[in-house]
Amino acid sequence: MFFIIYLFTLFKWKQTNSLHKYKWRANPKNNKSKIGNFFKFMSTFANFAIKDREALKRYILVKLGYPIQTVELSDEQLEVCIDDATELYSKYANIDQEYFILNLGNYIPNVGYELSAEVVGVFALERDGSGNDFGNLYAIDNSLLYSVMNYMTPLPRMFSFATFELVKQYMDMVDIYAGKGFDFNFNDRTKILKLIPDPTTSYATSYKNMSILIGAYVVRPETQLYGEYWVKSMALAQAKILLGTIRKKFASVPLIGGGTIDTSIGEEGIKERDELIANLQSTEAPVLSFIVR
């Protein structure tokens, strides 16, 4: 009997080293607290309990059966699964819209303006002009607005909102016919916003005092994505696929008692992944950048 127990223990030790099974590699005293802390906070749609990568890793492991069942995934492999999930989500999911005022003094001649990494698309250049126009009491837009509110301006009193809209449309049409302002092109890979015409050649040195207001699609910070149900489900599906691939390598290894390693979890993950992508594509669309004027 003792000899059988010894052989079983030796087999489990070899399996652990050959499959690189994932076990919590921190201090064993902290294992319980790390898993336990995951369940101490109520998760809601407005306030996710999962706010970082480590919490998402614990979520995946628990869903796969840890600590009752051994999960043959390393920390690096879990990182890859999470990266795949966040990349797919940011590609198809609804992206936030924000507006930025850009000082053209930072515009690189013949190259463009480098935007921040979270920008994935530019949908409009809402306004352009000298930097002093933003907030100048005597700028045309502000004068029109003050006229609407019956303030003392050079424009006629009792100026209505309907008149204001008509004047703005007329000014936009004049800009188009006169070739004023900028068109733009945005490269979502290099994050370079190129203005047409190039302000460094069209406005000599005065462009350094100019500013533009753009509307952009931005991806939310990474920490705000980990708790999304779709991201958690996709990361779990990717982990199942990877776990199935690993177990297939040892499918021919006989287990004690004549059993075999179950690799069906890989097919389960593939099915879940495809369903998640199809569901997201049916409700969202990839963000595209257009030249708008």
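The values are calculated or read from the model by the stated rules, or taken from the named source; none is laboratory data. These numbers were taken from a predicted model, which means no experiment stands behind them. So basically every Cβ, Gly included, is an ideal-geometry build from the backbone, and we count neighbours across all protein chains shown.
So residue 105 passes all but one of these: (1) modelled with pLDDT of 75 or more; (2) of a type outside the set (Val, Ile, Thr); (3) assigned to a strand (DSSP E or B). Which condition number does it fail?
(3)
Could you please give the count of residues in the stretch 115-140 that are among the charged types (D, E, K, R), surrounded by 15 or more Cβ atoms within 10 Å (Cβ to Cβ), modelled with pLDDT of 60 or more and not in a loop (DSSP other than H, G, I, E, B)?
Residues of the stretch 115-140 among the charged types (D, E, K, R): 118, 126-128, 133.
In the following step, the residues that additionally are surrounded by 15 or more Cβ atoms within 10 Å (Cβ to Cβ) were identified as 118, 127-128, 133.
Next, from what is left, pick out any that are modelled with pLDDT of 60 or more: 118, 127.
Add one more test, that the residue is not in a loop (DSSP other than H, G, I, E, B), and what stays is 127.
So the answer is 1.
Write out, first by first residue and then by second, each pair whose Cβ atoms fall under 7 Å of each other, whose residues are 6+ apart or on separate chains, and whose first residue, in the stretch 242-271, is in the same structural domain as residue 63 (by TED's automatic domain parsing) and assigned to a loop (DSSP other than H, G, I, E, B) while the second is at pLDDT 80 or above and basic (Lys, Arg).
Close Cβ pairs satisfying both conditions: 261/247; 263/247; 263/248.
Which members of the stretch 201-241 meet the condition of being modelled with pLDDT under 85, part of a helix (DSSP H, G or I) and of a type in the set (Val, Ile, Thr)?
201, 223
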